[in-house]
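Every number in this text was worked out from the coordinates using simple rules, so none of it is lab data. Because the structure is a prediction, the values reported are computed rather than measured. FYI the Cβ positions are ideal-geometry reconstructions off the backbone, even for glycines, and counts take in every protein chain you see.
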Amino acid sequence: MGSNLLRAGSWLVVLTTTAWGQTYSDNVRVELANLRQDMLLLTQRVGELSMSVEQLTRDNSALQNKANQSYATIEQLNKAVADINRTLQAGLAEQKRDTLNHVSAQMERLARQTQAAIDALAKNQATRPALQTSFSDEFPKEGINYTVQAGDTLSGIAKKNGAKLSDVRNANKIADDTRIRIGQTLFIPQGK
């Protein structure tokens, strides 16, 4: 019996070891299957990440090319500013030249007009009768006072009041008939 027991215990150990070995082996297989599945998922994910990195690399390269094309260097900017300054200076010089020519033409025109006016005045002075510079006391001492109105002339005032023009000139010592002014009081001799 002891030997049977020993044999049964051995057998139990063998069975237990075999069952445990079988369970262990099953567990190892399950774990290996799980690891294989995880490896497949990781491989797939690494492939996706590799494609994303490649796309980012292409995009970065395209952006760098674009940046190199759309940005100017300081030297290019300085050259552009110098070109603009030259164009601006040339435009200003041309505008200044045009303005000076225009002003010069206007000054010449004004000079001609002024000279023509001076010539006309000189010609007019030459044809005007000499102004009376001495006055006679030979005029009636009685008369009226008259205040010059707008539009009055010395000859018109004399005629309106029935006086001689020479008497009005002598009484008021007027050398130039055009020198009477509005509001001026004149003595108009009457009688004789």
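Points to keep in mind about this one:
- Cα gyration tensor, segment 143-189 - rounded (a/c under 1.5), prolate or oblate: rounded
- All lysines inside 19 Å of LYS141 as judged from Cα atoms, apart from same-chain residues fewer than 8 positions distant: LYS159, LYS160, LYS164, LYS173, LYS192
- A simple spin-label model places pseudo-atoms 7 Å from Cα toward Cβ; at ARG97 and ARG45 they are separated by 7.7 nm.
- Pairs of Cα atoms nearer than 8 Å and 6+ residues apart set the relative contact order; for segment 143-189 it is 61 percent.
- Modelled spin labels at ALA122 and ASP59, positioned 7 Å past Cα toward Cβ, are 9.1 nm from each other.
- When you count the other C-beta atoms within 10 angstrom of each residue and take the mean per peptide, 160-173, 98-111 line up highest first as 160-173, 98-111.
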